[in-house]
Amino acid sequence: MKAVVVDKDYGSVNAQELERVRAAYAQAGIEWALLDYEVVAAQQKEPTEEEIINGCQDAQIILATGNPPITRKVMQALPGLKFVQRFGAGVNSIDLDTAAEQGVIVLNLPGFCAKELADVATAMIMGLIRNTCYYDREVRKGNWPKCKYLLPPDVREMTLGLYGFGLAGRHLHDIFHGGFGTKVIACDPYVSDGVKAQYPDVEFVDFEELITRSDIISIHVILTPETTHVFNREVFRKMKNTAMIINTSRGPVIDNDDLAWALENGEILYAGLDTVEKEPLPEDDPFKRLDNIIVNPHCGSYGVGSKKTQIQMVCDIVPAAVTGGTVPARCVADRGVLDKDTGYKFV
């Protein structure tokens with residue numbers, strides 16, 4: 001078999017980490033190549049469909065460190081493709097329906113950075129409440145705005161609303177309810193009754209109640225048609241004008257133009273974003289001139305623990321499938337392929 005890394009310059013892994021993966025693949029008898037794709041104006045760039053098709057004709061495995069377009073067009077042009085391995089949890093750039101139809105096993109890393117995402121959400125929440133980024137910027141300008149700007153509320157008296165109650169949301173619950181005594185509510189129609197029973201202090205509510213009651217909303221969902229732009233101008237109008245929104249999931253869950261409007265017009269008070277719709281931010285993006293927002297360059301998964309887990313999982317999953325014929329079912333993103341005769345056993 002042959003594996004091709006189609007986006008080696010995305011930035012989520014470094015050359016040394018890729019070398020570890022290459023060595024693990026070599027030990028399993030898998031050939032290895034790095035796709036040579038165009039990088040424009042020194043910006044990290046995903047390859048195009050055509051570049052992937054041309055560079056992966058003899059590959060059975062595609063490795064995606066970022067979010068390359070693994071579309072129907074790509075997969076139909078690569079009939080020998082057997083695996084697509086993401087280096088993260090998100091699979092929104094991969095056509096999962098087509099993958100399942102063609103028997104391609106799409107693999108991701110569920111939960112590998114859940115603690116780190118909860119940590120960065122915590123940092124943003126507390127940084128916004130306590131004005132730390134604003135004060136730092138002002139001091140560096142030569143100013144000294146002592147006890148000025150937004151009056152910090154008490155997080156112990158606020159309601160934290162979780163949109164999505166997966167592992168990251170649960171860790172954030174533990175930090176705020178366990179550490180501060182903050183009231184936590186959650187909206188997640190897919191969470192099981194068994195999980196709900198483990199969190200008797202969490203009140204599970206519908207979306208309308210989440211947006212109207214929460215002082216802080218933290219987003220922990222995958223990007224789907226259902227969640228795309230679910231936070232928009234209409235929703236911001238319904239939120240408290242003192243509310244905060246935090247996004248460590250995917251940028252398009254929030255309509256970024258509508259969020260800028262909401263922040264500029266006092267519909268909500270703060271925002272903390274690890275992900276945005278256009279990465280990197282355009283030069284004239286309004287987020288760059290607003291003081292009541294924190295924007296990170298999509299690095300919420302960055303951490304010692306998550307790095308160790310990420311690279312080890314990638315080193316293990318496909319090599320184990322190739323040498324032993326087994327695939328961990330929890331890491332299969334295109335669930336429809338589980339019923340296909342792929343030649344591999346899902347465990």
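The values are calculated or read from the model by the stated rules, or taken from the named source; none is laboratory data. The shown structure was predicted, so the numbers you read here are calculated from the model rather than taken from an experiment. So basically every Cβ, Gly included, is an ideal-geometry build from the backbone, and we count neighbours across all protein chains shown.
Across segment 108-136, the qualifying residues are those that are closer than 21 Å to Ala333 by Cα and aliphatic (A, V, I, L, M), and the one among them that is surrounded by the fewest Cβ atoms within 10 Å (Cβ to Cβ) is Ala114.
Within 21 Å of Glu17 (Cβ to Cβ) and touching a residue at least 40 places away in the same chain (Cβ under 8 Å): does that describe Tyr302? First the steps, then the outcome.
Numbers: within 21 Å of Glu17 (Cβ to Cβ): yes; touching a residue at least 40 places away in the same chain (Cβ under 8 Å): yes.
Criteria met by Tyr302.
When every residue of segment 138-158 is checked against the conditions, at least one turns out to be under 14 Å from Ile217 (Cα atoms) and in contact with an Asp or Glu (Cβ under 8 Å, 6 or more places away or on another chain).
If you go through segment 141-156 one residue at a time, do you hit one that is at positive phi, in the same structural domain as Phe180 (by TED's automatic domain parsing) and in contact (Cβ under 8 Å) with a residue 40 or more places away in the chain? Yes, some residue in segment 141-156 is at positive phi, in the same structural domain as Phe180 (by TED's automatic domain parsing) and in contact (Cβ under 8 Å) with a residue 40 or more places away in the chain.
Any residue in segment 158-175 that is in a helix (DSSP H, G or I), surrounded by fewer than 17 Cβ atoms within 10 Å (Cβ to Cβ) and either hydrophobic (A, V, I, L, M, F, W, C) or on the phi < 0 side of the Ramachandran plot (or both)?
First, the residues of segment 158-175 that are in a helix (DSSP H, G or I): 167-175.
Next, only the ones that are surrounded by fewer than 17 Cβ atoms within 10 Å (Cβ to Cβ) stay: 174.
Applying the additional criterion that residues be either hydrophobic (A, V, I, L, M, F, W, C) or on the phi < 0 side of the Ramachandran plot (or both) yields 174.
Among the residues of segment 158-175, at least one is in a helix (DSSP H, G or I), surrounded by fewer than 17 Cβ atoms within 10 Å (Cβ to Cβ) and either hydrophobic (A, V, I, L, M, F, W, C) or on the phi < 0 side of the Ramachandran plot (or both), which makes the answer yes.
Whether a residue is within 21 Å of Val322 (Cα to Cα) and part of a loop (DSSP other than H, G, I, E, B) was assessed, and Leu151 does not pass this test.
The set of residues in segment 179-222 being assigned to a helix (DSSP H, G or I) and surrounded by 11 or more Cβ atoms within 10 Å (Cβ to Cβ) consists of Gly179, Phe180, Val195, Lys196, Phe207, Glu208, Glu209, Leu210, Ile211, Thr212, Arg213.
Is there a residue being within 28 Å of the chain's Cα centre (by Cα) and closer than 23 Å to Gly88 by Cβ anywhere in segment 153-163? Among the residues of segment 153-163, at least one is within 28 Å of the chain's Cα centre (by Cα) and closer than 23 Å to Gly88 by Cβ, which makes the answer yes.
For residues in segment 263-277 being in a loop (DSSP other than H, G, I, E, B) and surrounded by 13 or more Cβ atoms within 10 Å (Cβ to Cβ), which is farthest from the chain's Cα centre (by Cα)? Break it down into steps so the answer makes sense when it comes.
We begin by selecting, within segment 263-277, every residue in a loop (DSSP other than H, G, I, E, B); these are 265-269, 274-277.
Okay, now just the ones that are also surrounded by 13 or more Cβ atoms within 10 Å (Cβ to Cβ), so 267-269, 274-277.
Numbers: Glu267: 26, Ile268: 23, Leu269: 24, Asp274: 9, Thr275: 8, Val276: 11, Glu277: 12 Å.
Ranking the candidates gives Glu267 first.
Screening segment 223-240 for residues that are part of a loop (DSSP other than H, G, I, E, B) and touching a helix residue (DSSP H, G or I) at 6+ places or on another chain (Cβ under 9 Å) and picking the one that is surrounded by the fewest Cβ atoms within 10 Å (Cβ to Cβ) gives Thr228.
Can you name every residue in segment 278-319 that is among the hydrophobic types (A, V, I, L, M, F, W, C), surrounded by fewer than 16 Cβ atoms within 10 Å (Cβ to Cβ) and closer than 24 Å to Tyr25 by Cα? Of everything in segment 278-319, just one residue is among the hydrophobic types (A, V, I, L, M, F, W, C), surrounded by fewer than 16 Cβ atoms within 10 Å (Cβ to Cβ) and closer than 24 Å to Tyr25 by Cα, namely Val304. Residues that are surrounded by 13 or more Cβ atoms within 10 Å (Cβ to Cβ) and in a loop (DSSP other than H, G, I, E, B) within segment 320-343 comprise Pro328, Ala333, Asp334, Lys340, Thr342, listed in sequence order.
Residue count for segment 318-347, restricted to those that are of a type in the set (Lys, Arg) and farther than 18 Å from Asp95 by Cα: 2. Taking the conditions (1) over 27 Å from Val332 (Cβ atoms); (2) crowded, with 23+ Cβ neighbours inside 10 Å; (3) among the polar types (S, T, N, Q) in turn, Asn143 satisfies each one other than (2).
Looking at this structure, is Gly11 in contact with a strand residue (DSSP E or B) (Cβ under 8 Å, 6 or more places away or on another chain), surrounded by fewer than 22 Cβ atoms within 10 Å (Cβ to Cβ) and in the same structural domain as Leu107 (by TED's automatic domain parsing)? Break it down stepwise before answering.
Details: in contact with a strand residue (DSSP E or B) (Cβ under 8 Å, 6 or more places away or on another chain): no; surrounded by fewer than 22 Cβ atoms within 10 Å (Cβ to Cβ): yes; in the same structural domain as Leu107 (by TED's automatic domain parsing): yes.
Here the answer is no, as Gly11 does not meet what is asked.
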